[in-house]
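Peer 1: Dumping the structure here so I can ask a few things about it.
The values are calculated or read from the model by the stated rules, or taken from the named source; none is laboratory data. Everything numeric here is computed off the predicted structure, so don't read it as measured data. Neighbour counts run over all protein chains shown; Cβ positions are idealised from the backbone, glycine included. Ligands, DNA and RNA are stripped out before the accessible areas are found, and what is left, the full protein with its side chains, is counted by its heavy atoms. Shrake-Rupley method; radii C 1.70, N 1.55, O 1.52, S 1.80 Å.
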Amino acid sequence: MDDFIGLKRGGAPPQAPNRPSAPESEPATTDAERGGGGGGGSVLGFPAANIDASKVSSKPAWLKMELPRGENYQRLKDTVRGLGLATVCEEARCPNIGECWGGTKSGTATATIMLMGDTCTRGCRFCAVKTSKKPPPLDPNEPEKVATAINK
């Protein structure tokens, strides 16, 4: 196992390479004082490249998402909002909502309805859904609203 992390049996751990350091009497300087900033200078001690913004390419097509739209999307949005239901899609701010709610050419659109309100009691750090240890009271009509949404 010691060989795996770079130690030899009975040996000392590898040392960092020697790096030149500024004399202790030399005061610290900022990028601006060294003529940096505005495209030059340094970032974390490394020289920053001058970047020509006209040569920076945009995101590749496969990474771009279209804005949600279309008949299926609007119909599903109106149904969910009209019935006062919460969906994981909206509450979690899902970037792929247009793909699911937009559906396919056959007209199938998908939404994941949150049961028992729009508040989660778990509080996962990676999730954007609203959380609370004591969520608001349940809607007694929610089961009927969900059934209505499914039938539409």
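Peer 1: Can you tell me how many residues in segment 74-104 are of a type in the set (S, T, Y) and open to solvent by 50 Å² or more (accessible area, probe 1.4 Å)?
Peer 2: Going through segment 74-104 one residue at a time, the tally reaches 1.
Peer 1: Taking interchain pairs and intrachain pairs at least six residues apart, which have beta carbon atoms under 8 angstrom, with the first residue in segment 82-95 and in contact (Cβ under 8 Å) with a residue 12 or more places away in the chain and the second open to solvent by less than 30 Å² (accessible area, probe 1.4 Å) and of a type in the set (F, W, Y)?
Peer 2: C89/W101
Peer 1: Something else: Which one of these does V80 not meet: (1) out of contact with any strand residue (DSSP E or B) (no Cβ under 9 Å at 6 or more places or on another chain); (2) in a helix (DSSP H, G or I)?
Peer 2: It is condition (1) that V80 fails.
Peer 1: I'm trying to understand the selection: among the residues of segment 105-116, which are under 23 Å from G82 (Cβ atoms) and either open to solvent by 50 Å² or more (accessible area, probe 1.4 Å) or part of a loop (DSSP other than H, G, I, E, B) (or both)? Before you say what the answer is, go through the steps one by one.
Peer 2: Start the filter on segment 105-116 by keeping residues that are under 23 Å from G82 (Cβ atoms), which leaves 107-116.
Listed by number, the residues that qualify are G107, T108, A109, T110, A111, T112, L115, M116.
Peer 1: Examine segment 94-107 for a residue that is small (G, A, S) and more than 24 Å from the chain's Cα centre (by Cα), and state whether such a residue exists. Before you say what the answer is, go through the steps one by one.
Peer 2: Taking segment 94-107 first, the residues small (G, A, S) are 98, 102-103, 106-107.
After this cut, where a residue has to be more than 24 Å from the chain's Cα centre (by Cα) as well, the list is 106-107.
For segment 94-107, residues small (G, A, S) and more than 24 Å from the chain's Cα centre (by Cα): present.
Peer 1: Something else now. Can you name the residue in segment 56-73 that is open to solvent by less than 80 Å² (accessible area, probe 1.4 Å) and either of a type outside the set (F, W, Y) or without any contact (Cβ under 8 Å) to a residue 24 or more places away in the chain (or both) and, of all such residues, is farthest from W101 (Cα to Cα)? Spell out how you get there, then give the answer.
Peer 2: Applying the first criterion (open to solvent by less than 80 Å² (accessible area, probe 1.4 Å)) to segment 56-73 yields 60, 68, 70, 72-73.
This time we only want the ones that are either of a type outside the set (F, W, Y) or without any contact (Cβ under 8 Å) to a residue 24 or more places away in the chain (or both), so: 60, 68, 70, 72.
Details: P60: 23, P68: 8, G70: 9, N72: 6 Å.
My answer is P60.
Peer 1: Would a scan of segment 117-138 turn up a residue that is in a loop (DSSP other than H, G, I, E, B), of a type in the set (V, I, T) and either in contact (Cβ under 8 Å) with a residue 60 or more places away in the chain or surrounded by fewer than 17 Cβ atoms within 10 Å (Cβ to Cβ) (or both)?
Peer 2: Pass one, segment 117-138, residues in a loop (DSSP other than H, G, I, E, B): 117-119, 121-130, 132-138.
From what's left, of a type in the set (V, I, T): 119, 121, 129.
Those left that are additionally either in contact (Cβ under 8 Å) with a residue 60 or more places away in the chain or surrounded by fewer than 17 Cβ atoms within 10 Å (Cβ to Cβ) (or both): 119, 121.
Yes, because at least one residue in segment 117-138 is in a loop (DSSP other than H, G, I, E, B), of a type in the set (V, I, T) and either in contact (Cβ under 8 Å) with a residue 60 or more places away in the chain or surrounded by fewer than 17 Cβ atoms within 10 Å (Cβ to Cβ) (or both).
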